[in-house]
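The structure appears below as structure tokens.
The values are calculated or read from the model by the stated rules, or taken from the named source; none is laboratory data. The structure displayed is predicted, hence computed values, not measured ones. Quick reminder, even Gly has a Cβ in these numbers, built from the backbone with ideal geometry, and neighbours come from all protein chains shown. Heavy atoms of the whole protein, side chains included, go into the accessibility calculation; ligands, DNA and RNA do not. Shrake-Rupley method; radii C 1.70, N 1.55, O 1.52, S 1.80 Å.
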Amino acid sequence: MARARKVAALALELLDNPRHSTGAVRPLDRQLIRLNEAALMIDGQLADPRAVADGSSAQLLHQRLFDAELALTNIARFARAMAGFRLPAPQHFEARLALRDLVRGDNEAARTHAARLIGLLREGGLIPADEDRAAVVIAHRFAGSVIDLADALTAWEAAGASREGEGAFQPQVRLAGGWLPGSAMVSNTASLE
């Protein structure tokens, strides 16, 4: 969760700074790589029956883990793109509040602000045919991704308490000594931060 909140915080910084340089994007890109590594390591650990609480389903946890990672990656990508558009103040405000709530770990509030952003976009009527079309589409996809993330995190918590989907789970990753193969130096550096 800490890496997810860091991604949201960096996306918020980019959204707040529309004139960001390409160098300002690098920390977000690095954090997205770390988020992916963390998801892969968690997935690899789900193969161990001792890593999953009694009554939980490794298969459902696996699915929800990658749903959350995809949604968060999309949020970062769309926030970066939205920073380059001049969103109307109410839309920018709701997008900003959604990111702020993700940083705080308040997924329900983030979902609420994302739904408000979608409402504001719908109030604008049909999607314009000019350059504003991209801004509307990206803002809508951003809001949808925030809702997807909140749903995935809610489902993650529920999957931790469900036996549904139980069965032989085969992770996509095999860990070597608890680490991703080939990532020892990166993981060591990340651990020291």
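Suppose each label sits 7 Å from its Cα in the direction of the beta carbon; what would the Asp151-Glu13 distance come out to in nanometres?
Going by the 7 Å Cα→Cβ label model, 3.1 nm.
Using only Cα atoms, what Kirkwood radius does segment 11-115 have, in angstroms? Mind showing how you got there, number by number?
On the way: mean 1/r = 0.0649 Å⁻¹.
Result for segment 11-115 stands at 15.4 Å.
At a 1.4 Å probe radius, which order do Phe66, Phe78, Phe93 fall into by accessible area, largest first?
Values: Phe66 50, Phe78 20, Phe93 110 Å².
The most accessible residue leads, giving Phe93, Phe66, Phe78.
Kindly state, to the nearest 0.05, the FRET efficiency for Ala134 paired with Phe93, given R0 = 22 Å and r defined as their beta-carbon distance.
Computed FRET efficiency for Ala134 and Phe93 comes out at 0.65.
Ignoring ligands, DNA and RNA, how do Met41, Met82 rank by accessible area with a 1.4 Å probe, largest first? List each step's numbers first, then the result.
Values: Met41 35, Met82 0 Å².
Listed by decreasing accessible area, they come as Met41, Met82.
Given 0.36 nm per residue, what is the gain on full extension from Arg30 to Ala109 after removing their alpha carbon distance, in nm?
Contour length minus Cα-Cα distance gives 25.8 nm.
Rolling a 1.4 angstrom probe over the protein heavy atoms, how many square angstrom per residue are accessible across segment 1-123?
It amounts to 51 Å² per residue over segment 1-123.
What trypsin sites (Lys or Arg not before Pro) does segment 61-138 have in DSSP loop regions with at most 15 other beta carbons within 10 Å?
Taking segment 61-138 and a limit of 15 other Cβ atoms within 10 Å, the loop trypsin sites (Lys or Arg not before Pro) found are Arg86.
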